[in-house]
Structure formats: C-alpha cells, structure tokens
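Coordinate-derived values only; no laboratory data. Only a predicted model underlies this, so the values are computations on that prediction, with no experimental measurement involved. FYI the Cβ positions are ideal-geometry reconstructions off the backbone, even for glycines, and counts take in every protein chain you see.
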Amino acid sequence: MTATLLRGRLLSFVRRPEGIDDTGSYRYESDGGLLIEDGRIAAIGDYADVRRNAPADAEEIDHRPHLILPGFIDTHVHFPQMQVIGAYAANLLEWLHTYTFPEECRFVEPAHAARIARHFYDEMIRHGTTTAAAYCSVHKASADAYFAEALRRNMCMIGGKVMMDRNAPQGLLDTPEMGYDETRAVIAEWHGKGRNHVAITPRFAITSTPAQMEATALLAREFPDLHIQTHLSENDEEIRFTAQLYPDAIDYTDVYAHYGLLGPKSLFGHCIHLSEREADAMSEAGAVAVHCPTSNLFLGSGLFPLKSLVRRDKPVRIGVATDVGGGTSYSMLKTLDETYKIQQLLGERLNPFESFYHMTLGNAEAVSLADRIGTLEPGTDADLAVLDAAATPAMALRMEIVRSLADELFLLQTLGDDRAVRETYVAGKPMKTVI
Ligand SMILES: [Zn+2]
C-alpha cells in the first residue's frame, strides 16, 4: 500500500452555504493533514492528529501555506472546440456555422482527435480541474480519443459522442440509426472502464430530427443510469427555431421531456431563458441547469438567474461550467468570477463560499458523483487542487492585507487562473511538474 500525507490548509464543503457567515457549510483546517492511501482519502484532520495515526513510511508533502481543496469539476465543455476558443462571432448560431462546425469536422481523423485530447487534459490539469462532462464530436473516433486519454491519466470523466442529424455540414451528421449504434458502441467500449462515464449526448433539438430524438429516448430507457447532456434555452433565435421545428411541444423544455430526457442525471447547458413552467418541470424532474457564464457573456446570450432559480419554491439544481469553446476560459476560478458579475448585474450577491462550493461539491452533486468526488471526505477519490492566493505579483500585493478565508477565496476567484494552481492531484498522484 502506498501512503502520502499532505500538509496544508484544507477546505471542503458539506452543503451549499446559505450566507457568508454559514461556517457549518464547510470544514476548514488551518494546519491540516490529508492522508491518501491507494488513490483515496484515508483521513483528514489536524496535521498532528493525522500524522500520529499515519503509517510511519507515508511520504509527506508540505503544501503550506497553500490551500488544498477538492479538484474542480467542469460540468459542460466541448473538447473538439479548443482551436475555436475566442473566435469572433455575433451570436450562437453564427458562431456555430462559421467556426465551430467546420472545426469539429476535423475530428473524423483519429490522430487529430488524439492530439487535441492530450491538450484538453493538459489544460484541465493546469487549471486544477479533475473531472469534466464533455461533448465530443459526432465522430466515434473523438469519443475513443477522449476516453482513452482519460483512462491513461486515471481521471474521472463524463463524455459522449454527439448525436446530430440535421442543420449542420454533411461532415458532422450521423443518422438516427448510426447515432444509436455508435453511442451503444461507445458505452460498450468505455463506460465503467477506469473512471469513465459515458453520457447520451444529443447536441440540441435543432440538430436532431424527431427520429433521432426517438433514438435518444430508446437509449435513455435502455441505459437509465447514464448521464444525458444537451443544450437548452441559450439564445432567443435558437428558442424560436426550436419552436418551429417542434410545433407540438409546449416549449423548449417540453421537447426533451417528450422524449424522456428530463431526469436527475440530465445536464442542460445554459437554461438562461426558462419560463416558470419550464423551471417547474426541471425542478420536478430533478434535472440540472448548467450555467456557463463566460460563454453567455461572450456570445451575448443573456444573464442566467442563478440565485432566483435556487430560491424558488421548486428550486432548480445548478451546475456551473466553462463551455469552452463558446466559453473563454478553462479556469473554474475565472468562471465563478463571471458568475459573480452576472449576479451583480441582476442585483444579487454570490458569496465566495458559494462560489467554491459550486466548483467542488456543488458540481459533484450536479453530476451525481458526490459520493466519489468534490469533497475531502475519507473514502472518496483523492482528486485535489492546491491553490496559491499570492501566485502573481498583483495577487501577492493584495494578499498582504487579506485577513479572512472569505477574502482570500474572493481574491482567488477574482484574480486567479491557472497560475494560482500549484498542484493538481488525480487519484492521489501529483500531475503538474511545479510543486
Ligand atoms: Zn455547449
């Protein structure tokens, strides 16, 4: 058995913080010890206590004065869009047709998919992200590359071959049968292998015919434990076009509900413009609205009412995500910085504990994996991010007068990015070169 003992300041959430003074929502150890055995967290507590009970030959790594948190979780990202991040477009549909669809066509080539997958995981690690829910392209080769690289790095990843059979270039279209067969093949080859989770992934209602939606419905019935991921209510033009394509649906959410895709493992990217009826339907199904703030601002899609969706009598479950390449940063710190600013524009406050809850336990709950990731609880997988709030000269200067944990977290969120991530552990193994 291999044992590692980390020393540093430890922060882990136990539930959503209800206010900035809600100290019961998290656990903080100012001189903490975290014992890792065989890739899992074996003990957490005061350093001296954990040291006393640890195996004598445990390797010790001292991360003081840095913060050790659960690794970040990104609940919506497109791995084939790394080379179109920051592309100049007026709105969602123009961005898709001008840049993104042509780029995704290249993933028919296994060698290209494998190369970009390596870059994708390098960026995840660089930014302290240890789990992501990603869209691959329509090509099975892209899903093969994505899951093979996750397996090689022993990372806990969710992903799916995109299903799309209309309103896109020929090189990006499957058929209802092909989408069904290839998704089944990806499930058979990758689901449960290592830490891989395959998701049923119709891109969105605009790019799937009713016949293809029937195929996704069949997959959802055959594999009820799988995640489902798609897009919902991102942009006004998209919403109008969807209503034309599905004239019998009550609204956009009802399109997915009709095909049995609204459930507790369903991740709906964006959900900016939901009606009250749609929010009720999401809440009753336990479905997750995934907020992608940098993407929403970049594409001018709208302001996501996070706080009011949480506050409803029928609250909606929330995930937060980068949505690269519509999103403009791989950093979950930057992402929550933009989440904060959007709430400011809506007259709401998002306190720093809530932000860090969302990056860790909140997103673990959103993907229904909180028993494995997202906390520092003993028995869970040792996926960790080590953060340095004085990582840049500007941050170090600001840190000179920071006195509270809340202020330190807020500084990390506001000025931090990959430079603030000193180390990223995956199943107990340090993955960055800098310690
Ligand atoms: Zn997306």
**Study point:** Gain upon complete extension [ASP181, ASP31; 0.36 nm per residue less C-alpha separation]
**Key:** 48.7 nm
Check your understanding: Which residues does a label at HIS97 reach in segment 222-248, if reach means a backbone N under 17 Å from a point 7 Å past the Cα toward the Cβ?
Key -> 235-245
Review point. Computed FRET efficiency, Cβ-Cβ of THR23 and LYS432, R0 30 Å: what is it to the nearest 0.05?
Key: 0.45
**Study point:** Neighbourhood net charge (15 Å Cβ-Cβ; Lys/Arg +1, Asp/Glu -1) for LEU369
**Key:** -2
Study note, to complete from the structure: For segment 114-207, averaging the sequence separation of alpha carbon pairs under 8 Å that lie six or more residues apart and dividing by its residue count, the contact order in percent is 30
**Study point:** Flagged links, alpha-carbon separation over 31 Å, of LYS140/LYS265; LYS314/LYS334; LYS314/LYS429; LYS265/LYS307; LYS314/LYS432; LYS265/LYS429
**Key:** LYS314/LYS429; LYS314/LYS432
Practice item. Per residue, how big is the convex hull around the C-alpha atoms of segment 296-435? Give it to me in cubic angstrom, could you? Key: 142
Revision key, fill the gap. What helix-only [θ] at 222 nm does the chain give? Using -39500 (n - 2.57) per DSSP H run of at least 4, over all residues, to the nearest 500, the answer is -10000 deg cm²/dmol
Study note, to complete from the structure: With x for Gly and Pro, the residue-by-residue ³J(HN,Hα) of segment 311-327, computed from phi through the Karplus equation 6.51 cos²θ - 1.76 cosθ + 1.60 at θ = phi - 60° and given in whole Hz, is 7, 4, 4, 10, x, 9, 5, 10, x, 10, 8, 7, 6, 4, x, x, x
Exercise for review: Please sort by residue number the trypsin sites (Lys or Arg not before Pro) in segment 1-68 whose DSSP state is loop and whose Cβ has at most 14 other Cβ atoms within 10 Å.
Suggested key: ARG15
Point to revise | Kirkwood-type radius of the chain, with distances r between different C-alpha atoms, in Å | key: 21.8
Check your understanding: How big is segment 1-136 in terms of Cα radius of gyration and Dmax, in angstroms?
Key -> 20.8, 60
Point to revise | Total formal charge among the other residues, if their Cβ is under 13 angstrom from that of PRO305, Lys/Arg +1 and Asp/Glu -1 | key: 0
Exercise for review: Between GLN170 and ALA211, take the C-beta separation as r, use R0 = 22 Å, and let me know the FRET efficiency to the nearest 0.05.
Suggested key: 0.80
Revision key, fill the gap. If LYS432, LYS193 are placed from fewest to most neighbouring beta carbons inside 10 Å, the sequence is LYS193, LYS432
Check your understanding: Given a Förster distance of 45 angstrom, what is the FRET efficiency for ALA394 paired with ALA243, based on the Cβ-Cβ distance and rounded to 0.05?
Key -> 0.45
Practice item. Restricting to the chain, compute how many DSSP beta bridges are antiparallel as a %, nearest 5. Key: 45
Check your understanding: What list do you get for LYS161, LYS307 if you sort them by fewest beta carbons within 10 Å?
Key -> LYS307, LYS161
Check your understanding: What list of ³J(HN,Hα) values in whole Hz, one per residue of segment 146-157 in order, does the Karplus curve 6.51 cos²θ - 1.76 cosθ + 1.60 (θ = phi - 60°) give from phi, with Gly and Pro shown as x?
Key -> 4, 6, 5, 6, 4, 5, 4, 9, 6, 9, 7, 10
Point to revise | Rough spin-label spacing in nm, given labels placed 7 Å along Cα→Cβ, for VAL402 and ALA114 | key: 4.2
Point to revise | Cα pair distances in segment 142-234, grouped into 5 Å bins until the bin that holds the longest one, percent each | key: 3, 15, 26, 23, 18, 11, 4, 0
Exercise for review: May I ask you to sort HIS258, HIS119, HIS227 by Cβ crowding, counting other Cβ atoms within 10 Å and putting the fewest first?
Suggested key: HIS119, HIS258, HIS227
Review point. Taking amide hydrogens as modeled 1.01 Å from N in the peptide plane, which residues meet the under 5 Å criterion relative to GLY160, leaving out close sequence neighbours?
Key: ALA134, CYS136, ALA199
Practice item. Between beta-carbons, use under 12 Å as the cut-off and find the net charge around GLU276, counting Lys and Arg +1, Asp and Glu -1. Key: -1
Review point. Once fully extended, how much extra length lies between ALA188 and LYS307, figured as 0.36 nm per residue of separation less the alpha-carbon to alpha-carbon distance?
Key: 38.9 nm
